[in-house]
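The values are calculated or read from the model by the stated rules, or taken from the named source; none is laboratory data. Here the structure is a predicted model, which means the values were calculated and not measured. Heads up, the Cβs are rebuilt from the backbone with ideal geometry, glycines too, and the neighbour counts pull from every protein chain shown.
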Amino acid sequence: MTINALIDRAVLSHQAGDLAGAEALYREILVSAPGLADVHYLLGMATLGQKKPGAAVKSLRTAIRLKPGVGEWLLNLGIALRQTGDNIAALESLAQAADLFAAIPVRRAEALAESGAILAALGRESEAEKTLREVLSLVPQHPAAKNNLAATLYNRHAGADGLERPDAVEHLREAHLLAPERGPISYRLGQALLRREKHQEALLAFEAGLQRAPTDSDLLLGRSDTLAILGRFEEARDAALTVIRQPGAPARAGIALAVAQHGLGLLAEAVQSLQAVLDAEPDNIPALLNLGNVWGDLGDDAGAEACYRRVLTLSPALAVGHWQRAQARLRAGDLAEGWREYEWRWHMPGFGLNPALQALPVWDGVAQPPGGRLLVHAEQGHGDSLQFIRYVPRLLDMGIEVALQVQPALVRLFRDSLPAATSVTRLGEPIPAGFTCRCPLLGLPLRLDTDRLAAIPAQIPYLRVPADRRQPWRERLLALPGLKVGLVWAGDGRADDPRAAATDRRRSLALPQLDGLMGIAGISLVSLQKGPKAAQQAQSLLTIADWTSDLSDFADTAALAAELDLVIGVDTAVIHLSAALGRPTWVLSRYDGCWRWLRSREDNPWYPGLRLFRQTEWGNWQPVIAKLVNSISVWALERSN
């Protein structure tokens, strides 16, 4: 049989899938005609197809030596070399192939796709990304390149130290677009978005992954966590239960379930879920933290303290452990320990300061501040500033010159309430000259020895309104019959902060829930409600005088509140304002009330004239409102007599 006939027979065997038969024929041909480059190439491909890459490399190299400059041969040599593990030689061969394919985009893309995969495997991620992007510019839907670029971008979300990179979301989002079917990418993208407080986007990432893998436990729990943050607790519970019903469910499924149960007010069930986790994993820190929170809301301060102490034994520098313990200690009235732990807030997300403030050292409260000057600044909400401004006169009595920086809406009120020599400016304005040391407002109780309830400076009023600003309100209020009762029924919804929004939903009322105040003899209601919730007056049966359009800041609100006989409201800044002005103030407090209202008391040492009406059942305002209606009826009758 002639050489050509043998070649034809070998090629037919090769095409029919008989690679071993084709290999034998190619070798027989090369015994007689060792210089046939094409046959060496075909032998290389036959052995490569049989997963014999070492033999393939030998044959392909011989073919290329005999007949250099064939792009396809160099491409396949690169593939064979990659399979032998000789990645550097593979990259060299593939680079030559890509150059030879410069005028053939589809083939160049194949060579580059192989190179990109090798570069990614070698950890040369920047080069891999560049190479794979070129592939997709040539062949936009190249499946292997899309997959490998997605993997490369996924890997680039973390640095060499394992920590998430600042540009992680950018890489993961593109990886998700390239390979939406890959659950781990959806999960990592969702987690990265959660860490950046992009909750709706995170939810979409988890749900996109679940469309392709509906029982994936990581994706389901990511979705549950996100739904809980968004206040959608029933859906969060359902997602967690889906995982718990699967064999071998991870411990964090029980934690996710407990978080949802807690949000629904199912506190006993939340305890059971967390105890089940801790029975299996006694040192599970997230379970201990959450159990501490639940015990606190159940009124078990000892149980909460035991959980937090265990957490801090296991992880002494865990900021969230100190932060949660601080609030629990303060709510229990243990101010000495509470304020010490409260200093850990600066290690928590959401407690950043502007760079100018951050650059100043913090006063330790021991020595006089440099030059006897101290910059005191707001750090949290308006209510916090209103409560803790009481400490500034103490500083002045110590001979310290104070400059105060607070929220814009408080500047005028604090200027009215503090000595004229005290500088009061807005947060973000230039720091006054000579002030080289600072103290946040909520750091003053620790530094000024408020270590027990009896040490709280409660000289009320400590806020003041000039008489000429009160007089116009006094005249307006004369037109209303009876006792004048201010009303604020809702807080700021905080759409930008889902956790704060969830708290606001628990603390706020819908105004029609207070319709039971209608018809109480001897009172007129006056609105102190600002913001979108003020529109609820249209759905209420109550008659309420509303001049809030004339209130531009807290100084205006103070002028009106100072002329009222009583202020009633949910836990908002207006309550602090009214109480600090010395007005009788009644607070409707949610079941998991703020730490500053302490535990189970109707009075409060921060504000001697304040009375608390507390929920005794999670989310149930009806008994609270019934008690309020009865109390205000008695109060009005007593005042009229």
So which residues in region 354-373 are hydrophobic (A, V, I, L, M, F, W, C) and over 17 Å from LEU444 (Cα atoms), if there are any at all?
-> ALA356, ALA359
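Could you list all residues from region 470-500 that are assigned to a helix (DSSP H, G or I) and either modelled with pLDDT under 95 or under 17 Å from ALA579 (Cα atoms) (or both)?
Residues of region 470-500 that are assigned to a helix (DSSP H, G or I), as a first pass: 470-477, 498-500.
The answer is ARG470, PRO498, ARG499, ALA500.
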Please note which helices (runs of 4 or more DSSP H) are completely contained in region 325-433 and include at least 2 residues that are within 28 Å of the chain's Cα centre (by Cα) and surrounded by fewer than 22 Cβ atoms within 10 Å (Cβ to Cβ).
-> 335-342, 355-358, 382-388
Which residues, taken from region 306-321, are out of contact with any Gly (no Cβ under 8 Å at 6 or more places or on another chain), touching a residue at least 12 places away in the same chain (Cβ under 8 Å) and assigned to a loop (DSSP other than H, G, I, E, B)?
-> LEU318
HIS171 is checked against (1) touching a Lys or Arg at 6+ places or on another chain (Cβ under 6 Å); (2) at pLDDT 80 or above and fails just one. What number does that condition carry?
-> (2)
Odd one out for VAL57, checked against (1) aliphatic (A, V, I, L, M); (2) closer than 25 Å to ALA97 by Cα; (3) in contact with a His (Cβ under 9 Å, 6 or more places away or on another chain) = (3)
For ILE544: the one exception among (1) within 24 Å of GLY519 (Cβ to Cβ); (2) within 30 Å of the chain's Cα centre (by Cα); (3) β-branched (Val, Ile, Thr) | (2)
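Considering only residues that are in a loop (DSSP other than H, G, I, E, B) and closer than 30 Å to ALA228 by Cβ, which ones fall in region 501-526? Steps first, answer last, please.
As a first pass, look at region 501-526 and keep what is in a loop (DSSP other than H, G, I, E, B): 508-510, 518-522.
Scanning region 501-526 gives SER508, LEU509, ALA510.
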Quick one: ALA555 ticks every box in (1) part of a helix (DSSP H, G or I); (2) under 33 Å from the mean Cα position of the chain (by Cα); (3) over 22 Å from LEU483 (Cα atoms) except a single one, so which number is it?
-> (2)
Mind checking which residues of region 549-599 are surrounded by fewer than 24 Cβ atoms within 10 Å (Cβ to Cβ), out of contact with any Phe, Trp or Tyr (no Cβ under 8 Å at 6 or more places or on another chain) and of a type in the set (Gly, Ala, Ser)?
-> SER549, SER552, ALA555, GLY582, GLY593
Qualifying residue in region 193-213 (condition: under 30 Å from LEU298 (Cα atoms), among the aliphatic types (A, V, I, L, M) and over 13 Å from the mean Cα position of the chain (by Cα)) = no
What are the residues in region 612-631 that are crowded, with 17+ Cβ neighbours inside 10 Å and in contact with a Ser or Thr (Cβ under 9 Å, 6 or more places away or on another chain), if any?
-> LEU612, PHE613, ARG614, GLN615, VAL624
Of those in region 20-54 that are aliphatic (A, V, I, L, M) and over 26 Å from PRO68 (Cβ atoms), the residue surrounded by the most Cβ atoms within 10 Å (Cβ to Cβ) is ALA24
Is it true that some residue in region 438-457 is of a type in the set (Lys, Arg) and in a loop (DSSP other than H, G, I, E, B)?
-> yes
Can you tell me which residue within region 125-163, out of those that are crowded, with 17+ Cβ neighbours inside 10 Å and not in a helix (DSSP H, G or I), is modelled with the highest pLDDT?
-> VAL139
Of the residues in region 487-519, those that are surrounded by 21 or more Cβ atoms within 10 Å (Cβ to Cβ) and β-branched (Val, Ile, Thr) come to VAL488
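Which residues, taken from region 299-322, are in contact with a Phe, Trp or Tyr (Cβ under 7 Å, 6 or more places away or on another chain), crowded, with 20+ Cβ neighbours inside 10 Å and hydrophobic (A, V, I, L, M, F, W, C)?
Going through region 299-322, the residues in contact with a Phe, Trp or Tyr (Cβ under 7 Å, 6 or more places away or on another chain) turn out to be 303-304, 307, 319, 321-322.
With crowded, with 20+ Cβ neighbours inside 10 Å added as a condition, the list becomes 304, 307, 321-322.
Correct list: ALA304, CYS307.
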Residue list for region 105-124, filter: farther than 18 Å from LEU74 by Cβ and assigned to a helix (DSSP H, G or I) | ALA120, ALA121
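Give, as residue ranges, the helices (runs of 4 or more DSSP H) completely inside region 1-104 that count at least 2 residues that are on the phi > 0 side of the Ramachandran plot, touching a residue at least 40 places away in the same chain (Cβ under 8 Å) and in contact with a helix residue (DSSP H, G or I) (Cβ under 8 Å, 6 or more places away or on another chain).
Qualifying helices (runs of 4 or more DSSP H): none found.
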